[in-house]
């Protein structure tokens, strides 16, 4: 079988709920990052623990980006000090379920590491939830794969 | 009316200079729920529907989603069932003028930019993208009001909000059903409607985004406008400088403000971000592109 997702996945992980406010979700990000590596994406599960989405740093960036930045971004004569803080204040009251990515690519614990790499390259994803019979077992991070390969390559 | 080229500040500019390269798309079988999520998440007004060869088949707009809500379609309905189409394409090396003409002729707000393969979109050009570019070039144009003053210092904001606003306000009463609001928005092609009391006092605003969010959250279309309106109404004093409205829009991430005269309860017009951008750009009114209407 060789090296598979089972060998590199993190089995201790935080999850979010769809109705969690963004203000609470980022606190979970901060907590997870203090305990583990820097966490830039997190799985979202429903009440029964079923995976329903992923919330990434990119999703939060999209939320913060003003809709018409291509217009006022040209107005260099306009003073916009404090706009980022205003965007953050607005974002806090949104819910995870409103901005999460729902089309999540998943793997199984037996997915070969080279296949994991292939998916990450082709699909431009940095993290892959690991499911077995619909049950969430862990998550594989790009950095986890790379660190594992470093040991083999050295 | 003849087009006088030397009065066109966008002359010589191509679509590639204004287009966005991120095309928000979904497969034909993707549900309306997914289409709504994408419009909210990516803050776009329309989603390109593609087939498995990545070819554009049609477009699902907020108006289409609103129509699906009105018709009572289940959220699991494929987007392909309500899309309009086929999508209109232009090429990256087309002139912006010709792209604008195509938008006007077809009464659309966006064109997809064709890649090497027919019907495959490598970008999208929307009206607001052109307005942004217009601001940049008008700012530097030698015929602009800025340059004519001989100074490159920021131009004092000579315009008042009431000079730029549109005096037409479309309103519904708080007790009107969402179905009635949808009918009004569809008939008048507005993006949002003012909600008032029975006595005509402004209470809130219902936008297309509010309606499709209500759809996604399972709210009955028979519910009243009051249940989903955003309140209070974001309004500005018509006698205030234009720049103050612009800042309110930018900081609130909204592209529309209501305008009042004397008292906030006395609304007299609506101001859009694109109107502000065009007036504030320094555009001389003789220039063809200064007449872009969004």
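The values are calculated or read from the model by the stated rules, or taken from the named source; none is laboratory data. All values derive from a computational prediction rather than experimental measurement. Here the Cβ positions follow ideal geometry from the backbone for every residue, glycine too, while neighbour counts run over all protein chains shown.
At a glance:
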quantity	calculated
Candidate set: segment B:24-56, residues that are away from chain A (no Cβ under 14 Å) and surrounded by fewer than 18 Cβ atoms within 10 Å (Cβ to Cβ); chosen: the one nearest to residue B:213 (Cα to Cα)	B:28
Test: residue in segment B:104-111 that is surrounded by fewer than 20 Cβ atoms within 10 Å (Cβ to Cβ), outside the structural domain of residue B:208 (by TED's automatic domain parsing), within 22 Å of residue B:22 (Cβ to Cβ) and in contact (Cβ under 8 Å) with a residue 40 or more places away in the chain	yes
Condition met for residue A:54 (more than 7 Å from every other protein chain (Cβ to nearest Cβ), more than 25 Å from residue A:146 (Cβ to Cβ) and buried (at least 17 other Cβ atoms within 10 Å of the Cβ))	no
Qualifying residue in segment B:276-291 (condition: modelled with pLDDT of 90 or more and not in a helix (DSSP H, G or I))	no
Selection count, segment A:139-154, where residues are loosely packed, with under 12 Cβ neighbours inside 10 Å and not in a helix (DSSP H, G or I)	1
Qualifying residue in segment A:91-109 (condition: surrounded by fewer than 16 Cβ atoms within 10 Å (Cβ to Cβ) and over 20 Å from the mean Cα position of the chain (by Cα))	no
Within segment A:76-107, considering residues that are in a helix (DSSP H, G or I) and farther than 27 Å from residue B:274 by Cβ, the one farthest from the other protein chains (Cβ to nearest Cβ)	A:92
Among residues of segment A:60-75, those that are more than 8 Å from chain B (Cβ to nearest Cβ) and either part of a loop (DSSP other than H, G, I, E, B) or free of Cβ contacts under 8 Å to residues at least 12 places away in the same chain (or both), counted	2
Any hit, segment A:14-23, residues being without any contact (Cβ under 8 Å) to a residue 24 or more places away in the chain, touching a helix residue (DSSP H, G or I) at 6+ places or on another chain (Cβ under 9 Å) and in a helix (DSSP H, G or I)	no
Restricting segment B:216-255 to residues that are within 14 Å of chain A (Cβ to nearest Cβ) and in a loop (DSSP other than H, G, I, E, B), the residue that is nearest to the chain's Cα centre (by Cα)	B:255
Residues within segment B:15-34 that are touching a residue at least 60 places away in the same chain (Cβ under 8 Å), in a strand (DSSP E or B) and farther than 18 Å from residue A:68 by Cβ, tallied	1
Residues being assigned to a loop (DSSP other than H, G, I, E, B), in contact with a helix residue (DSSP H, G or I) (Cβ under 9 Å, 6 or more places away or on another chain) and either surrounded by fewer than 20 Cβ atoms within 10 Å (Cβ to Cβ) or modelled with pLDDT under 90 (or both) - total across segment B:83-93	3
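Here is a yes/no grid of residues against (1) part of a helix (DSSP H, G or I); (2) within 18 Å of residue A:76 (Cα to Cα); (3) modelled with pLDDT under 80:
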residue	(1), (2), (3)
B:135	yes, yes, yes
B:138	yes, yes, yes
B:147	yes, yes, yes
B:151	no, yes, yes
B:157	no, yes, yes
B:175	no, no, no
B:182	yes, no, no
B:186	yes, no, no
